[in-house]
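Structure first, commentary second.
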């Protein structure tokens, strides 16, 4: 009921606040027999780390993940996998000024109204630090997906209105913006520097994809593959929009153009983004995610205090200019969680075959 | 696991196929003491009815809803409310040609791959007829929301690339496209007629809103208010994109422009679309939904058969030109379901007050 | 949240009140490809029917089950199976005297306190009539279990303190008490007749078993096989106790006697009742269920009214002397639901095999 | 799906194995504003500690609980409460002999069949050590219940066939068996010493109660108060039977004796055990739980190995003679979890009142 768990078969519950002792996740439902080490998870964790990109904060977190349960002699056992990441570099005193003041664009005001109480240090539970648990869990999901031949990946399609024109997968790891277009990456850098000077921040668009997805994943009606993806992406703090395949552009096409013709060796186009009536068709999953600019800016803003009185606020400190590209790996992790869940759920549909084959 | 249930506290399970004996929904978790009649539900059902708009099929369904349980002497009792709508005007023989052929843009192929079996008549479970159950349940949710002062509504922002420029709420009921701009409505009509001649179809954009939403609804992390809304909307068959507030446009703004300043008497702007960190802020909820063109078109299309061999298909029959505006009421119903669920879930957060006040 | 759904993978939601238009169930998660007809379900329904046993009411209900969805050309499709049974022979006027009076042993008082409102006709939702939906769903589950070689059955171990001494499976269908001991059955009849004269009622003990259960069903920790069985049985209105294998007797044994030695060809004894640490061991599941006497008796009883004032009540009408043996088939249906759910859940554990074998 | 989570509104997920780095629990759904400290939880933890009773092992665990999230400045915030207890005194080498051998009465064989892999050290996930997380979570639930006036407690009704005759609540803390009858406690001690000499073990019966339970808790149909209690108790490894109120004895009473007459100032008797049709009536909840003898005994037993070959096993090491009385606090913790969950779920039923009162 409290919304800290994602998935039905491959279930992930995250816990932890920005400035508490630790953050973490419990992964429940992972099948037995999968090789799992802290090192394998760490690879994905490192892509999310502060300081790992050109647009990110200088806060230092080693973000070392600890496996506390669910693995025996290097293999998953089918029992819950408890993952913990300690919080280290948290200067909580720098947040005292926000104790009685609501930061615009943050959850301060809505949390206060919801709970009547609020952990004001670094955003508490609403902090992006919560996503460390998601990424650790998403790495586990990724290992499961690997076993069935599915591979997810994300890149920066747009940052500060600069859009990638060429899509060169090789380029993604060669620039600090995870952009598939080196020329666009340079323009992104210029834009970031400009905005950093102003104490302002930027948004952008992430493209997330999955290859190797077998047909049949996703459940009709409410738990459609695209519906779960939309929820997964929109559950990331900074996300304001999600589209699948042609997305909003599909609204402007005619049916004869938008329908993907089915050929003997596959589909001719992929306007659907890999899903038909909420079930995967065998094509690649293609998702785009709109990321708003980071709300923490040093530009002065109007706000009110706990007492309801007008005030002005300036959020200094070590903040990213943009959630991109650190958020890319979170998007990828969430897509992993969605797909791992549906892989296991599809096993239920084919259960009789499974028992028959035993 | 099978995805036919939506919500956790206010739970709706829909059932039924396009050409089976009936479709319906079970609403579980509705609080006791709410006046509920078949007539009250029917008002919302009638807005979804085939033949109710200029862009819709001529299939005639009375779509009379029957309440089979959960109401005693005109009031809800707190027990499950079973709602049934009989299928009447279903000429299933007209679907025989699709038995061995996959219609492009439909779930035929993905369902076959998922289940190894498929009800090919009218799309079976994947038919838009399934949404009759959603609307009936959404009407019940609407009565609950009314009790706490929340009102949802939807209108056509765009149809066939024609966009409403004026937003005049009064206009919505005065044209057959549920468009808030009479001039745009005329252009929409022209566009629909043009496309009908071609045997083609159109998509568009629906704007869905909620007014009177108290602050505090929605659960942090995975079940954010906007995440559930995204899932709810994307679970509608024709939807390919969802955005909240400024949505994809937010990706191009700087933080200082996108952040909504907080004033003593409310917010200055509503780029957030009514939600901060996944919890309602007290502002109106504003959602836009991209609707793809109806995949059933009489233009010939390439496809394959059950045997994998290439073929050509022409989907005739009584089909809408566009899911809009019939889908508008479905969007509204889904927003009702999301909000009713969160109203009840927020009661849990405030549970100690309730027991203290008893 | 409202507790009208049972199971996670094989999910059953029942709905309906004793004197509403109908009762029913929605079965969600049943795999595709299973032959399913109304006739097959009816066989199990008929065993639960009023008037079907020597200790039952004379209320006449045909209890014909209607399949409204989820079956296409005689096979399940993987979509929700909606089952409806109309209420026919309901003389609701005979319940007017209970409008303002709480019947002892019934849910009248607790429902009133819970909801502040109450459908007083025939117990409303708390009526044993609700179990019609369970049995219909349990019949579907039974067809699934049949496919994996599992067979459940129930018999009357004890009625009105008369206990079966011989366990002869053949005898069960040869006496009106579903007792496996013909001699005991005769004594039961004498006891029932005696108590009927007094206007009183009787309780007893049902034994429910499952044969052919493969090892590995059930989930460790909270959803243990025995824990789900205990919940399933105790969720039947009249049940006050549940024990597995040696049950309460195990509390008096030493470990060396209670442990079931493991031999090369199986276990030597079955004190465990078929489950070890909550997971099936391959032995038969053996459960005993304590059924309280029917609370509706024509003996005068002390009670209070809605106004809290003392009063006397006599519950006449067409009531069973004992819930046994009609409740036996409900116990069997519930065991079916538990096992079908775990069969599907086990498919998740073996999911990688399934994908590997594709 | 994997059964490591209990509850719907007050949700508890436990994780951890006997010989892994730690065990723990995540409590999700606890309302904000409740004072919570590690010390308050520790009080309940200490009652479960090895070495805390006359019938227990000498394994030393400090069992210090750490709160990793969900508490800010001493108050719960409404976000997940992560609780961790490190494993310290685990000599895992002593378990090497069980690597290839199934211990009778343990989950070794069933786990192996379920997962195809097994953490054989100390029973892994099936170890009673898992209940440390339950008790920590149960302590949090207890603090919530305290706020609404509910108090749970457990005592030893029977141990090794010695039954308490007097029920003197004061006596419970005055003997090492948590027995409410000092005379019986002495006999229990004699029985324990006798069995210890034989290398054997004992079972018994725990009585668990709740006082101050308001009417209206529990959900009709499947999630009845007694059904959830039955599941909760049977989910404890050693439990083989559960009964409510008169329990199995009710099966032998007539309706006129078993029904509890309702008087102006309450009920005359409590055969129901505090629940009517699955909803609390305002009376005390009374539950009895059958606990089997500890399966780990040093008496030689027949078993088979991983290879299916017959063998003999002797389980030495530091084992309790009986799960009682350490299991008592686990029963109490589980009753806390059930009741806390229903308190929050009842808030949903009364949600409209809550919103009206705001």
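Nothing in this text is a laboratory measurement; each read-out follows from the coordinates by a stated rule. In this text the structure is predicted, and so the values were computed from the model without any measurement. A quick note on method: Cβ atoms are made from the backbone with ideal geometry, for glycine too, and the neighbour counts reach across all protein chains shown.
Quick look at the numbers
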read-out	value
Highest-fluctuation residue, B:315, B:338, B:291 considered, GNM on chain B with Cα pairs under 10 Å	B:315
Across the identical copies, how the residue D:183 labels are spaced - nm, sorted shortest first, 7 Å along Cα→Cβ	4.0, 9.8, 9.8
Approximate spin-label separation residue B:66-residue A:94, in nm, with each point projected 7 Å along Cα-to-Cβ	6.6
Cα convex hull of segment D:212-355 - mean projected area over all directions, nm²	13.6
Chain A: angle of helix A:225-234 to the longest principal axis, Cα-based, in degrees nearest 10	10
Angle between chain C longest axis and helix C:182-198 axis [Cα atoms, degrees, rounded to 10]	30
Extent along principal axes [Cα atoms of segment D:194-287; Å; largest to smallest]	55, 27, 23
Global form of segment A:121-163, assessed from the alpha-carbon gyration tensor, a/c cut-off 1.5	oblate
Virtual spin-label span in nm between residue C:190 and residue C:75, 7 Å along Cα→Cβ	5.6
0 to 90° range, to nearest 10: angle between helix B:131-147 axis and chain B longest Cα axis	20
Per residue Cα convex hull volume in Å³ - calculated over segment A:5-357	157
Pseudo-label separations to other copies for residue A:169 - Cα-to-Cβ vector, 7 Å, nm	5.0, 5.8, 6.9
Ellipticity estimate at 222 nm from DSSP helix runs (n ≥ 4, -39,500 (n - 2.57)) divided over chain A, nearest 500	-8500 deg cm²/dmol
Between segment B:62-126 and segment D:76-131, the Cα center-to-center distance that results, in Å	47
Residue A:37 versus residue A:161: modelled label distance in nm, points set 7 Å from Cα along the beta carbon direction	4.8
Distance between segment C:153-218 and segment A:288-358 - C-alpha centres, whole angstrom	58
Relative contact order of chain B, defined on C-alpha pairs under 8 angstrom at six or more residues apart (%)	21
Compactness relative to 2.2 N^0.38 Å, alpha carbon Rg of segment A:134-217	1.32
Other protein chain Cβ atoms within 10 Å, averaged over every residue that makes up D:336-347	4
Highest to lowest packing among A:220-227, B:227-234, D:297-304, scored as the average C-beta count within 10 Å	B:227-234, A:220-227, D:297-304
Alpha-carbon gyration tensor eigenvalues x 5, square-rooted, for the protein assembly as shown, Å	49, 38, 31
Distances in nm from residue C:305 to the matching label points in the other copies, shortest first (labels 7 Å along Cα to Cβ)	6.0, 7.6, 7.8
Shielding score for A:203-215, defined as the mean number of other chain Cβ atoms within 10 Å	2
Other protein chain Cβ atoms within 10 Å, averaged over every residue that makes up B:263-272	3
